[in-house]
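Heads up: the structure comes next, in structure tokens.
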Amino acid sequence: MDLALHDFLRTEALVHVRDGMARRRLDALIVSDLSVIRWLTGFSGSSGRLLIGTGQCILFTDFRYREQAAVEVRVAETVITQDGFAAELVSGTYPLGSAVGIQSDSMTWNEALRLCDKLQGISMAVPVESFFDDLRMLKNVIELTHLQRAAAISEQVLDMVLPMIRPEATELDIAAEISYQHRKLGAEKDSFDPIVASGPRGAMPHAKPSAAHFRVGELIVIDMGCVVEGYASDQTRTVSLGRVSDEAREVYRIVRDAQQIGLASARCGMKASELDSAVRSFIAGQGYGEAFGHSLGHGVGIDVHEEPRISSKNDRILEENMVFTVEPGIYLPGRFGVRIEDTVVLRSDGAHPFQRFTKQLVELQ
């Protein structure tokens, strides 16, 4: 990884953050969302607060992360707190100005109350929401490299675990193998708990792996992702153990065609709701509209679920270098489910999937 380029891009992001602060008339901004802190500074610890001012950027953390922050953080000063962030913040060492923004959508109510109490008579606390969404949606070249690498690892793992699916294996066996192989191939962790759902359990979009054994003639939904340098992957494929019914094969075809419509329809300048509608209308026209109950997709980056949301309720305009999933599904309770998902980067000429794994129905023997 080119550290100098990464730090340059983080510094550029901080410029845009300060522009947003100026528009909101904020003299300082307290960042409590650890994903945003990692995005802006590279810090991957589990305890930290970031103070951004007009001329300062300070990471506050505790003794456990002294050495880690020294390695990871180069665009901000690091302060190791002794009595907690709130006490350090109002010590008089740091210029806060008259208005300090706090992330109302990521800070707990109790912490917000404590901060407001500490800031009373020093500075006015101003709640801000969704402050970083627009800034994080457009990915730079390094972010795209990490996202592509995470996707490649997950695809390699999927290829490794499919031959392990047999009647004597369980959903939990495959889920555990996915997590193990992700790490063995260099990922930090799973981006979410793997979903391995066979037969009727595949009709639950977020089914947790169980001790159920795989049965011949059933579809199996596998949804998985990992994290590389803080950036997530997300992919779903539906396979079968042996040959499935003609109806299941037909539903698979509909979902595959719907997903292809989504990939082919995505373009810069369209609304997210329009992309969702293009796919949803096709599935409804095939008679399965009620069986596709979730949004078409979501943004992927430092968080595996972020903006832009590709849903019927989101009229956000899609732009070049946005990264999001295209994941239609059909779920028939008590019978089976099918979902196919790629993560794509939107370019001037359309959507480019990170995944290359086949969309043909894989029939495991």
Contact list please: Cβ distance under 8 Å, first residue in region 322-346 and within 7 Å of ALA203 (Cβ to Cβ), second residue among the hydroxyl-bearing types (Ser, Thr, Tyr), pairs at least six apart or on different chains.
GLY337/THR238; GLY337/TYR331
Reported set for region 96-137 where residues are over 30 Å from TYR231 (Cβ atoms), open to solvent by 20 Å² or more (accessible area, probe 1.4 Å) and touching a residue at least 60 places away in the same chain (Cβ under 8 Å) is GLY97, SER98, VAL126
LEU3, sole failed condition from (1) of a type outside the set (Gly, Ala, Ser); (2) under 21 Å from VAL100 (Cα atoms); (3) surrounded by fewer than 19 Cβ atoms within 10 Å (Cβ to Cβ)
(2)
Within region 192-216, of all residues that are in contact with a Pro (Cβ under 7 Å, 6 or more places away or on another chain), more than 26 Å from ALA150 (Cβ to Cβ) and not in a loop (DSSP other than H, G, I, E, B), the one least open to solvent (accessible area, probe 1.4 Å) is ALA203
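Take the conditions within 18 Å of VAL338 (Cβ to Cβ) and acidic (Asp, Glu) and apply them to ASP190. Does it pass?
No; evaluated as a whole, the condition is false for this residue.
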Within region 85-95, residues open to solvent by less than 30 Å² (accessible area, probe 1.4 Å) and part of a loop (DSSP other than H, G, I, E, B) come out as TYR94
Can you name every residue in region 258-287 that is open to solvent by less than 20 Å² (accessible area, probe 1.4 Å) and among the basic types (Lys, Arg)?
none
Could you please find all residues in region 320-354 being of a type in the set (D, E, K, R) and under 21 Å from the mean Cα position of the chain (by Cα)?
GLU320, GLU327, ARG339, GLU341, ASP342, ARG347
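Conditions (1) of a type in the set (Val, Ile, Thr); (2) within 26 Å of GLY121 (Cα to Cα), marked per residue:
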{"residue": "LEU34", "(1), (2)": "no, no"}
{"residue": "LEU51", "(1), (2)": "no, yes"}
{"residue": "CYS57", "(1), (2)": "no, yes"}
{"residue": "PHE63", "(1), (2)": "no, no"}
{"residue": "ALA70", "(1), (2)": "no, no"}
{"residue": "VAL73", "(1), (2)": "yes, no"}
{"residue": "ALA86", "(1), (2)": "no, yes"}
{"residue": "LEU89", "(1), (2)": "no, yes"}
{"residue": "THR93", "(1), (2)": "yes, yes"}
Could you say which residue among THR61, THR93, THR108, THR78 is over 27 Å from GLU307 (Cα atoms), out of contact with any strand residue (DSSP E or B) (no Cβ under 8 Å at 6 or more places or on another chain) and not small (Gly, Ala, Ser)?
THR93
Criterion violated by VAL15 - all others in (1) part of a loop (DSSP other than H, G, I, E, B); (2) open to solvent by 30 Å² or more (accessible area, probe 1.4 Å) satisfied
(1)
Quick check on VAL338: is it within 22 Å of GLN156 (Cα to Cα), in a loop (DSSP other than H, G, I, E, B), open to solvent by less than 40 Å² (accessible area, probe 1.4 Å) and of a type in the set (A, V, I, L, M)?
no
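The values are calculated or read from the model by the stated rules, or taken from the named source; none is laboratory data. Worth saying up front: this structure is predicted, and the values here are computed from it rather than measured. Positions of Cβ are generated from backbone atoms using ideal geometry, with glycine treated the same way; all protein chains shown enter the neighbour counts. What goes into the accessible areas is simple: the full protein's heavy atoms, side chains included, and nothing from ligands, DNA or RNA. Shrake-Rupley method; radii C 1.70, N 1.55, O 1.52, S 1.80 Å.
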